[in-house]
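Enquirer: Mind having a look at this structure? Questions to follow.
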Amino acid sequence: MIPNSVTCPACGAKELVRGEPVALEDVGEFRCDECGARTVFGCLMPRVVVEPMKGAHDMLWIRTRIQDPKTREDVHVLDLDPKMAVELTRNILALVRL
């Protein structure tokens, strides 16, 4: 079998894959080693950054930043208290569990 390459839609880097030639839309999940961009069935997924931060009166908040995969600019920013962040995570996991 001859190695084939897949081009990352975010940075343009080429990745070698084994097997027969296949379109990026047919690959279930692809992650670029260069930039870390994720592609699922040909759709570029947004980057999600979760970080703790302190607010007024030393109150702990969880900041969730959803970024554009190509430019890494913030598209949405959510500041949640830890309990709400846990509930949001549980709801998301309930949707994606198999």
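Quick note: the coordinates plus some simple rules give every number you see, no bench work behind them. Here the structure is a predicted model, which means the values were calculated and not measured. Cβ placement follows ideal geometry from the backbone for every residue including glycine, while neighbour counts extend to all protein chains displayed.
Enquirer: Just want to confirm a number: the relative contact order over segment 23-98, from Cα pairs under 8 angstrom separated by 6+ residues, in percent.
Expert: Relative contact order here is 18 percent.
Enquirer: What's the extension gain from residue 83 to residue 58 if we count 0.36 nm per residue and subtract their Cα-Cα distance?
Expert: Numbers: separation 25, 0.36 × 25 = 9.00 nm, distance 1.62 nm.
Full extension from residue 83 to residue 58 adds 7.4 nm.
Enquirer: Karplus couplings for segment 42-50 from phi (6.51 cos²θ - 1.76 cosθ + 1.60, θ = phi - 60°), rounded to Hz, Gly and Pro as x?
Expert: After applying 6.51 cos²θ - 1.76 cosθ + 1.60, I find x, 9, 6, 8, x, 7, 10, 10, 10 Hz.
Enquirer: Residue by residue through segment 73-79, what is 3J(HN,Hα) from phi via Karplus (6.51 cos²θ - 1.76 cosθ + 1.60, θ = phi - 60°)? Round to whole Hz and write x for glycine and proline.
Expert: Karplus values, whole Hz, x for Gly and Pro: 8, 5, 9, 9, 10, 10, 10.
Enquirer: If the cut-off is 22 Å between C-alpha atoms, which lysines fall inside it for residue 54, apart from same-chain ones fewer than 8 positions away?
Expert: 83
Enquirer: Among all the lysines, which ones have a C-alpha under 27 Å from residue 14's C-alpha, if same-chain residues fewer than 8 places away are not counted?
Expert: Output for residue 14: 70.
Enquirer: With labels modelled as points extended 7 Å from the Cα through the Cβ direction, what inter-label distance (nm, one decimal) is found for residue 15 paired with residue 76?
Expert: 2.5
Enquirer: Right, here's the next one. Given H placed on each backbone N at 1.01 Å, which residues far from residue 37 in sequence or on other chains put an amide H within less than 5 Å of it?
Expert: Answer set, sorted by chain and number: 32.
Enquirer: Still on this structure, I have one more. Using R₀ = 22 Å, calculate the FRET efficiency as 1/(1 + (r/R₀)^6) where r is the Cβ-Cβ separation of residue 93 and residue 51; round to 0.05.
Expert: Numbers: r = 19 Å, r/R0 = 0.89.
Here the calculated transfer efficiency is 0.70.
Enquirer: Residue by residue, what Karplus-based ³J(HN,Hα) values in Hz, rounded to whole numbers, does segment 83-90 have, using 6.51, -1.76 and 1.60 with θ = phi - 60° and x for Gly and Pro?
Expert: Those phi angles translate into 5, 5, 5, 5, 5, 4, 4, 4 Hz.
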